[in-house]
Amino acid sequence: MEVKDLKNEKLKSWLQYWIDLCTPDNVHICDGTPEEYDCICNMMVKTGAFIKLDKPQNSYYARSDKTDVARVESRTFICSEKEEDAGPTNHWKDPAEMKAEFKELFKGVMAGRTLYVIPFSMGPVDSPIAKWGIEITDSPYVVVNMIIMTRVSKTIIERIDSEDHEFVPAVHSVGYPLIGDMADIPWPSAPVDKKYITHFPSTSEIISFGSGYGGNALLGKKCFALRIATNLARKEGWLAEHMLILKLTSPEGKVKYVCAAFPSACGKTNLAMVRPTIPGWKVQTIGDDIAWMKFNEKDGKLHAINPENGFFGVAPGTSMKSNPNAMETINAGNTIFTNVALTEDGGVWWEDSDTKPEFLIDWQRRPWTPGCKDSAGVERKAAHPNSRFTTPAKQCPVIAPEWEDPEGVPVDAILFGGRRKTVVPLVTAARNWEHGVFLGATMSSEMTKATLEGQGQLRFDPFAMLPFCGYNMGDYFQHWLNIGKHPGANLPQIFYVNWFRRGEDGHFLWPGYGDNSRVLKWIFEYCDGKAAKKETEIGFMPADGALDLNGINVSAEDQKALLSVDKEGWKKAMPEFEKHFEKFGSHLPAELRAQLDILEKNVGYEK
Ligand code: GTP
Ligand code: SPV
Ligand code: MN
């Protein structure tokens, strides 16, 4: 198939516009077949962009430029017609001005390169919840990652062409033309202040310039499935969320589906495929990063699909001990590793994995030995903290059989959570939907290296969507409240969890990982009205002894900190809550203001 053969005017003129502007040497329409995947990977090995690994089988290794290692929130823009519609938490640019700037930036930008056209579906191709997109890119790395992360096929572009099926147009360039006889480099990209990750809600378009990494470049993920999809979801009455989806089965064989929103690098992939440490309980995976939820009119429940087809997971910390199911998924092969370290025997390594190598080549191509330091005397990491694996979801040993069910799975519980060293207890249940929305709206977390801009700073990250909500966050809160008023709705219960509480000496109070299944068990019982609970100032919590702690060692003192309300801590946080809500001005729903008044009264805070 070639662009000149297309019949659909919208599709054809869109493609032709970008081809004429970018002036690539070649145009290739992708079909997503294994042959195409292998061919592009082999080509990348030849150019030095990929190293073929000796293990796992059929796997590749890429190292990015050292300035292009994570999402760049400061260069991410919502280009709504009105600035107010982007809201106080997003960067905004005027859509016409942005497009004019792109006309210059993209001029000849693909010189010396191939322009790839990637037709893809987010979600099982014929699911009523799925949506389709086409990404144009000059990065073969993006093509092969998109083949793992989304459903790429020729059928999609053929059907867009013949049926006029809707699609989200997405344009990407690394921003590094090869002019004259200029040689290519392993990871072409543009400087940080030249990068743009932009979204045009009124036309559902995405344009991304200058980065080849993760969510900046794999445009089906955060740009489409969250920032554009939140806009569509608001119009169409559904939810597009930064959530894992898991299937939880009790020893009696009863099933519940749980979604959980944690900020980037705060434990979604780990919880999605957790191996329970309590006998008889089973967890299976539906998705690890994004959930699209729509009301099913038959049972009144929100039904969730995972719009993705693979996992783009954080490597450091992933081991047979912490997440054996992720390790087995990776070790089945067909995996792309980015910015981890290379071992002497042609494999990969990262911090806190299962082996203790004596020598490595680090993610910046430098020799590395245990304990080695940089010029400032700081211990060097062999893998970048945001190094990742891209691996097919179907290889996960605990993937649930219904993970590709076009109708989605009925959601029983929604968890919110973040990284909080202090104050926030292990688990709290919301009193009702409005209180649950309040918990989501006031979530906070210490920042991680999944974002270029920082690590460690505490910030409010409502619904784990701070960098991903494509419109005014205050209106998004209202949308969540409206979902609660859907006629005939059979709503999930809402919970707030924190696996990351620390003691004064810095140790984690809660063992986390597999032991998080103990909290899932309480949540399961809570949904059935069977959990022993106590009402507190901040919501319901497990009654004394209600959380199954058999077989683990959590000291009485740590248990107390995990399972009681730090009233003074909450009281001290109230001015921050006030400031957080003030940002939204008239867009803050009255129901949430009322919820904050209740919390302030409960913890004894006086304004
Ligand atoms: P994104 O892909 O960026 O959205 O991240 P994610 O939310 O999927 O996070 P992931 O599961 O990859 O975990 C990120 C980091 O948190 C890893 O280094 C994990 O080892 C660590 N982590 C995950 N779960 C736990 C837990 O229960 N306790 C502790 N202490 N650390 C955890
Ligand atoms: C995240 O940052 O939440 C991720 C990685 O899942 S990225 O795809 O880069 O957004
Ligand atoms: Mn994520």
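Observations, loosely collected:
- With every protein chain in place and a 1.4 angstrom probe, the accessible-area ranking of Arg159, Arg71, Arg275, largest first, reads Arg275, Arg159, Arg71.
- The Cα-based radius of gyration and maximum Cα-Cα distance (Dmax) for segment 385-492 are 16.8, 45 Å.
- Local charge for His165 was computed over the other residues whose Cβ lies under 12 Å away, with Lys and Arg +1 and Asp and Glu -1, and equals -3.
- Efficiency of FRET from Cβ geometry, Asp374 and Glu576, R₀ 51 Å, rounded to 0.05: 0.90
- Semi-axes of the equivalent ellipsoid for segment 421-484, Cα gyration tensor, largest first, Å: 23, 18, 7
- For the pair Lys235 and Lys103, the difference between a 0.36 nm per residue extended length and the Cα-Cα distance amounts to 44.5 nm.
- Other residues lying with their Cβ under 15 Å from the Cβ of Gly112 contribute a combined charge of -2, Lys and Arg counting +1, Asp and Glu -1.
- Loop-located trypsin sites (Lys or Arg not before Pro) across segment 513-548 with a Cβ neighbour count of 13 or fewer within 10 Å are Lys530, with loop assigned by DSSP.
- Remark: segment 311-395 carries a charge dipole of roughly 220 debye about the Cα centre, counting +1 on each Lys and Arg Cβ and -1 on each Asp and Glu Cβ.
- Within segment 43-68, backbone nitrogen closer than 11 Å to the virtual label 7 Å beyond the Cα of Arg365 toward Cβ: 48-49, 63-66
- For the chain, the equivalent ellipsoid derived from the alpha-carbon gyration tensor has semi-axes of 38, 29, 23 Å in decreasing order.
- Stretch gain in nm, segment Ala532-Asp20, where the contour uses 0.36 nm per residue and the Cα spacing is subtracted: 177.8 nm
- Residues of segment 76-98 with amide N under 13 Å of the 7 Å Cα→Cβ point at Thr203: 79-81, 95-98
- Figure note: Arg501, Arg593 ranked by solvent-accessible area, largest first, 1.4 Å probe, ligands and nucleic acids not counted: Arg593, Arg501.
- For the chain, size of Cβ-based charge dipole, Lys and Arg +1, Asp and Glu -1, in debye: 860
- For segment 311-395: lysine pairs under 20 Å (alpha-carbon distance), excluding those fewer than 8 apart on one chain: 4
- Close amide H contacts of Phe311 (hydrogens built in the peptide plane, cut-off under 5 Å, sequence separation of 5 or more or a different chain): Thr391, Ala393.
- Cα point-scatterer Debye curve for segment 311-395, base-10 log of I(q)/I(0) at q = 0.12, 0.14, 0.22 Å⁻¹: -0.34, -0.46, -1.04
- Thr198 long-range amide H proximity, modeled H, under 5 Å: Phe77, Ile207, Ser208, Phe209
- Mean accessible surface per residue for segment 311-395, computed with a 1.4 Å probe while every protein chain stays in place, in Å²: 42
- Lys154/Leu178 FRET efficiency (R0 30 Å; Cβ-Cβ; nearest 0.05): 0.60
- Accessible area per residue was computed with a 1.4 Å probe on protein heavy atoms; Ser555 scores about 60 Å².
- Estimated inter-spin distance, Asp352 and Ser564, nm [label 7 Å along Cα→Cβ]: 2.9
- Of the Cα atoms belonging to segment 111-159, the radius of gyration and Dmax stand at 11.4, 40 Å.
The values are calculated or read from the model by the stated rules, or taken from the named source; none is laboratory data. None of the values given here were measured: they were computed from a predicted structure. Reconstructed Cβ throughout: ideal geometry from the backbone, glycine too, with neighbour counts over all protein chains shown. Only protein heavy atoms, including side chains, enter the accessible area calculation; ligands, DNA and RNA are left aside. Shrake-Rupley method; radii C 1.70, N 1.55, O 1.52, S 1.80 Å.
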